[in-house]
Amino acid sequence: MQEETLRDYTTDLYTLIKHTHKAVKTQQTSSKLTNEKASTLLHDIDLALSSQIESLDQMEGLLNDGAKSTIKESFAAFTGAIAGAIDTQRSDAVSKMLRDDYTALSMIATGYTMLHTVALGAKNSELAEFTQNSLTRIAGLITQTSEIIPHIVAEELDISEVADKAEANTQESWKPENFLEEA
C-alpha cells in the first residue's frame, strides 16, 4: 500500500509542478512583466521547478505509468477549478499572476509535505531528503512572492508610497506571536 501511495502522491505532485512550471514560463513572456523584482522571482520559480521536475524524472519507479504524457488530464482531476486560473493565457496584471503563483506554490508545498510524510513511512530516505529540500525551496519562494506582491500592487495602482508599509504589515501578520487567538 505504501508503494502505491508513494506513486500516487509523487504523480500528483509531479503533475502539479509541471503544470505550474508551464504557467510560469508563459508569465515570463508577458508584456506586462516590467518590474525587475517580479521578473527575477519568476526566473527563480522557473529554475526551482525545472530542477525539481528533472530530479523527479530521474527517480525510478515513483511515477504512475503514463504520468509524463497525461499531465493536463491528471492535473484537471487533481486540482479542479482553483488551478485552472494559473493555466490561462495571461493578460492579467502581474499582481494577479503572482497571486496565482502563490496559490500554486502553496499547493506544491502541501504536496511536498504529504509526500515527505509518506516517504518517511516507506523508509525511502532519498525521497524524504529530496522532498524536505524541495519544500524548503518552495517555502522560500512563497515568502519572496508574499514580499513582492504589495510592491507590484502598489506599482500597478500608482500608490508606490504605501508599498513598504503594506509589505511590513502583511509580513508582520505571519509571525506566530501575532496570530489571533480563537475566541
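The values are calculated or read from the model by the stated rules, or taken from the named source; none is laboratory data. All values reported here derive from a predicted model rather than from experimental measurement. Every residue, glycine among them, receives a Cβ derived from its backbone with ideal geometry; neighbour counts consider all protein chains shown.
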Residue ID - surrounded by the most Cβ atoms within 10 Å (Cβ to Cβ), chosen from residues in the range 71-126 that are of a type in the set (D, E) and at pLDDT below 95: D87
I want to confirm something. Restricting to the range 87-140 and keeping residues that are of a type outside the set (K, R) and not in a helix (DSSP H, G or I), which single residue is nearest to L16 (Cα to Cα)? T88
Considering only the range 26-70, how many residues are closer than 22 Å to K96 by Cα and either of a type in the set (V, I, T) or at pLDDT below 85 (or both)? 5
Filtered residue count, the range 161-181, keeping only those that are farther than 22 Å from A93 by Cβ and within 23 Å of the chain's Cα centre (by Cα): 6
If a residue must be under 18 Å from the mean Cα position of the chain (by Cα), in contact (Cβ under 8 Å) with a residue 24 or more places away in the chain and either surrounded by fewer than 19 Cβ atoms within 10 Å (Cβ to Cβ) or not in a helix (DSSP H, G or I) (or both), how many such residues does the range 143-160 contain? 3
Residues within the range 118-142 that are more than 12 Å from the chain's Cα centre (by Cα) and free of Cβ contacts under 8 Å to residues at least 24 places away in the same chain, tallied: 8
Take L33 and decide whether it is among the aliphatic types (A, V, I, L, M) and under 12 Å from the mean Cα position of the chain (by Cα). no
For the range 50-59, check the following and say yes or no: at least one residue is surrounded by 15 or more Cβ atoms within 10 Å (Cβ to Cβ) and of a type in the set (D, E). no
